[in-house]
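Structure record follows, encoded as structure tokens.
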Amino acid sequence: MNIGFVRKKYTFHGGSEAFTTLLINKLLEKGYKIFIYAIKWDAKGASNPNLIFKKIPVLNMGSLLRDLTFVISSFFLLKKEKHLDLIQTHDKTLFQDIYRAGDGCHLTWLKIRWKYGNFLAKLAILFNPWHWLILWIERTIFLKKRYKKIIAISQMVKNNILENYQINPDDITVVYNGVDLERFNPENKAKYRYIIRKTYNISENDFVILFVGSGFKRKGLQYLIESLNHIHTPMTLLVAGKGKLETKNQNTVHKIIFCGAQREIEKYYAAADIFVFPTLYEPFGNVHLEAIASGLPVITTKNSGAAEIIKEGINGFILSSPENISELSDFILKLTNNDLRKKMSDNARKLAEKFDLDSFTTNMINIYDEIIKIKEKQ
């Protein structure tokens, strides 16, 4: 089977891109031929003859022109690719068999931004033509049925789509992502914990909180830092990712270390004691799976699709809202209890083992077979 995957660009620190690579590698192992359609792709280490890269030409002069020309170019390019048995897009395009809503619902995200934004931020939403373009593409995909199947990466995303667009709920299948259980493993602590901590001058006895993600504002880093102002026990916060930060005065008893985006992110999970992700909106977030697979208790928000799999007090905690600083600081302090943290760590790993890559790949192949049968009847 020849499958085309579409994504604007692939970079090593992007959660969706890293996940797509895992899926593609599994499909290659099973003998599928994969065609990658993208503007730009980090192709290091890609030497499989059944993996072919095809460039989508765009006018790369700002996000508006880039995304407009991406939609137009991909439409005409993909329409001509008759050798493809199936097309799966991970970005908003107008020609696909499967639309994987990995970025969630843009209209929902704008509503959340409106809620948390000040006057100038709201003006920026209203008068930014890029948002109107993305909303038009999203509306066209859903209401003009430019798909045969929508894959939502959480029930939250499915609900978001159904709340904003009148489409058949049966068109949307929820498929949670999988995680590499070998790469992300509690056993990594013995290999990497000391090395990473030594690199950043962190002692073995320091309590380390890990935050992983690019785009700090949407992912709530400012709330995590503000919550530390309510905690007097010294802690270290490791931030792996890229973004701009706006936050209030920081409590000087804590260390906050910005590490940048990391290829070998599994080493940073190994160095941490807990994972905190107080996001404003996250369709699911592979970082949650990576954290629990590494044996870290997770603190996240109900605005994340991953909240659906986290059991309160068993393997993590769910914030009622990202800005609930006192609640967040209380959860962090609870996890300083060694016995509780050890128990929740073990439970986290057990939960992660339900999301192995083989089971995920099987689910996806079943959907592919279903769509191929539909296409054959048309």
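Read the figures in this text as sums done on the coordinates, not as results from a lab. Values in this document were obtained by computation on a predicted structure and should not be read as measured data. As a convention, Cβ positions derive from the backbone with ideal geometry for all residues, glycine included, and neighbour counts pool all protein chains shown.
Packing here is the average count of other Cβ atoms within 10 Å per residue, and on that basis the peptides 49-60, 303-314, 105-116, highest first, run 303-314, 105-116, 49-60. In order along segment 329-343, the Karplus-derived 3J(HN,Hα) couplings, from 6.51 cos²θ - 1.76 cosθ + 1.60 at θ = phi - 60°, round to 5, 5, 5, 4, 5, 4, 7, 6, 6, 4, 5, 5, 5, 4, 5 Hz, and Gly and Pro are given as x.
A simple packing score, the average count of other Cβ atoms within 10 Å per residue, orders the peptides 72-79, 322-329 as 322-329, 72-79, with the highest score first.
Computed from the C-beta positions of ALA121 and HIS83 and an R0 of 41 Å, the FRET efficiency is 0.35 to the nearest 0.05. Per-peptide packing, taken as the mean over residues of other Cβ atoms within 10 Å, places 138-148, 215-225 in the sequence 215-225, 138-148 from highest down. Extending 7 Å from the Cα toward the beta-carbon at both THR199 and ASN2 defines two label points whose distance is 4.2 nm. Panel values: the chain, Kirkwood radius from alpha carbon pairs, Stokes-Einstein at 10 °C and 1.306 mPa s, translational diffusion coefficient 73 µm²/s. Residues whose amide H comes within less than 5 Å of that of PHE53, counting only those at least five positions distant or on another chain, are ILE36 (H built at 1.01 Å from N in the peptide plane). Considering only alpha-carbon pairs that sit under 8 angstrom and 6 or more positions apart, the relative contact order computed for the chain is 15 percent.
The phi torsions of segment 206-223, fed into the Karplus equation with coefficients 6.51, -1.76 and 1.60 and a -60° offset, translate into couplings of 5, 8, 10, 9, 10, 10, 10, x, 10, x, 4, 5, 5, 8, x, 4, 4, 6 Hz, rounded to whole numbers, with Gly and Pro shown as x.
Summarising the amide proton neighbourhood of THR301: residues at separation of 5 or more, or on other chains, whose placed amide H is nearer than 5 Å comprise THR279, LEU319.
Tell me the angle of helix 155-164 to the major Cα principal axis of the chain, expressed in degrees between 0 and 90 and rounded to the nearest ten. Compared with the principal axis, the helix lies near 60 degrees. Amide H to amide H, with H built 1.01 Å from N, GLY316 comes under 5 Å of VAL298, LYS311, counting only residues 5 or more places away or on other chains. Against the main long axis of the alpha-carbon atoms of the chain, helix 15-29 sits at an angle near 60°. Springs between Cα atoms under 10 Å define the GNM used for the chain, and in it the highest mean-square fluctuation of ASP273, ASP42, ASP180 occurs at ASP42. A simple rule links phi to the HN-Hα coupling: the Karplus curve 6.51 cos²θ - 1.76 cosθ + 1.60 with θ = phi - 60°, which for segment 311-322 gives 9, 4, x, 9, 10, x, 9, 10, 6, 5, 7, x Hz, with x for Gly and Pro. The angle between the Cα long axis of helix 188-199 and the longest principal axis of the Cα atoms of the chain comes to about 70 degrees, rounded to the nearest 10.
Classify segment 188-354 as rounded, prolate or oblate, taking a ≥ b ≥ c as the square roots of the eigenvalues of its Cα gyration tensor: rounded when a/c is under 1.5, otherwise prolate if a/b is larger than b/c and oblate if not. Verdict is rounded for segment 188-354. The distance linking segment 301-340 with segment 211-275 is 16 Å (Cα centroid to Cα centroid, whole angstrom). Given their separation in residues at 0.36 nm each and the Cα-Cα distance between them, GLN378 and SER320 gain 16.2 nm when the chain is fully extended.
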